[in-house]
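To start, the structure under review is shown below, and the notes come after it.
Quick note: the coordinates plus some simple rules give every number you see, no bench work behind them. What you see is a predicted model, and the numbers here were worked out from it, not measured in a lab. Here Cβ is always computed from backbone atoms with ideal geometry, including for glycine, and neighbour counts include all displayed protein chains.
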Amino acid sequence: MHSLRVVLFDIGGVLVEPSGVNTMLAWMGNRISAEELWRLWLTSPVVRAFETGKMTPDAFADRVIADFDLPVPRDEFLRQMALWSITLFPGALELVERVPARYVRATLCNTNPIHWPYLMNNERLAHAFTHHFASHLTGKIKPDEDAFHHVVDTLACTPQEVLFLDDNDLNVAGARAAGMNAVRVQGIAEAERALQSFGVFEA
C-alpha cells in the first residue's frame, strides 16, 4: 500500500447526521427506499446543476418539487432544506482532530449555497480541515471521477495517497475508480474503524 498523505471526509452521513432523507421519503409517501432516493438524487440533472453552482435556490426548489412530485410549496421546501444535515454527530470533531498532523485533512462533499453557510458557521468544523472541496464552489460533483481528480491535483498527491470516507456506495465506487482508497462508513464509530484499519489511528 502506498503511504497515505491525505484523509478526505465526506460531511453528511459521516460527520453530520443525514436528516433530509426521512423528510423527502415522507413527502413522497415512502413510495421508494432510502437507497433508491439517494440514487435518484445523486443522478438528478437538477440536483447536479444546483450542487455545482449552476442554478438558483428558487429554480432548484421548483424543479425538485415537480420532478419528485412533492406536496410542498417552494418556501416550505427551502425552509426545511436549510435544516437538513447540519447537526454534527457527537464526537465528530474530536475524531477529525485526532488525525495526526502528518496527514492533510480535507472534506469533499456535494453541497449547495443553502447548506454550506450553515456548516461553515461552525468555526471549529471550518478550521478542522486545511481544505474544503464543496461542489457548488468547485463545480465538481461526486460520484464523477473529475471531482476526485480535482482533489488530487489541488493537493499535489497521488490517488493512492488518499483515504476517502463517504456514506454512499456510488461515491465510494467513484473514488475507487479514480484510484483512491475509499471506504463506505456511516457515523463516527465506523469512521474510526476505517481510520484504524488504514493505520491512521492505532488499533
In this structure, the FRET efficiency calculated for residue 198 and residue 35 from their beta-carbon separation, with R0 = 41 Å, to the nearest 0.05, is 0.95
Antiparallel as a % of all DSSP beta bridges within the chain, to the nearest 5? 5 percent
Fraction of the pair-distance distribution of the chain above 26 Å, Cα-Cα pairs, percent: 31 percent
7 Å from Cα along Cα→Cβ at both residue 54 and residue 75: what's the point-to-point distance in nm? 3.1 nm
Only four residue types carry charge here, +1 at the Cβ of Lys and Arg and -1 at the Cβ of Asp and Glu. Report the dipole size of segment 1-49 about the Cα centre in Debye, rounded to the nearest 20. 160 debye
Give the relative contact order (percent, whole number) for segment 20-82; include only Cα pairs under 8 Å separated by 6+ residues. 29 percent
Would you work out the charge dipole size for segment 107-190 about its Cα centre, treating the Cβ of every Lys and Arg as +1 and the Cβ of every Asp and Glu as -1, and quote it to the nearest 20 debye? 120 debye
For segment 19-25, 3J(HN,Hα) per residue [Karplus equation, 6.51 cos²θ - 1.76 cosθ + 1.60, θ = phi - 60°, Hz, x = Gly/Pro]: 8, x, 4, 4, 5, 4, 4
Counting only DSSP loop positions in segment 61-138, the trypsin sites (Lys or Arg not before Pro) whose Cβ has at most 16 other Cβ atoms within 10 Å are 102
Springs between alpha-carbon pairs under 10 angstrom, Gaussian network model over the chain: which of 114, 141, 32 fluctuates most? 32
When the chain is fully extended, how far beyond the present Cα-Cα distance does residue 3 get from residue 17, taking 0.36 nm per residue of separation? 2.0 nm
I'd like the distance between the alpha-carbon centres of segment 1-25 and segment 133-203, rounded to an integer number of Å. 9 Å
Which ³J(HN,Hα) values in Hz, rounded to whole numbers, follow from the phi angles of segment 111-126 under the Karplus curve 6.51 cos²θ - 1.76 cosθ + 1.60, where θ = phi - 60° and Gly and Pro get x? 8, 7, x, 7, 6, 4, x, 4, 5, 6, 5, 7, 4, 5, 5, 4
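When the dipole is taken about the Cα centre of the chain, and only Lys, Arg (+1) and Asp, Glu (-1) are charged at their Cβ, what size is it in debye, to the nearest 20?
Here the size comes out at about 260 debye.
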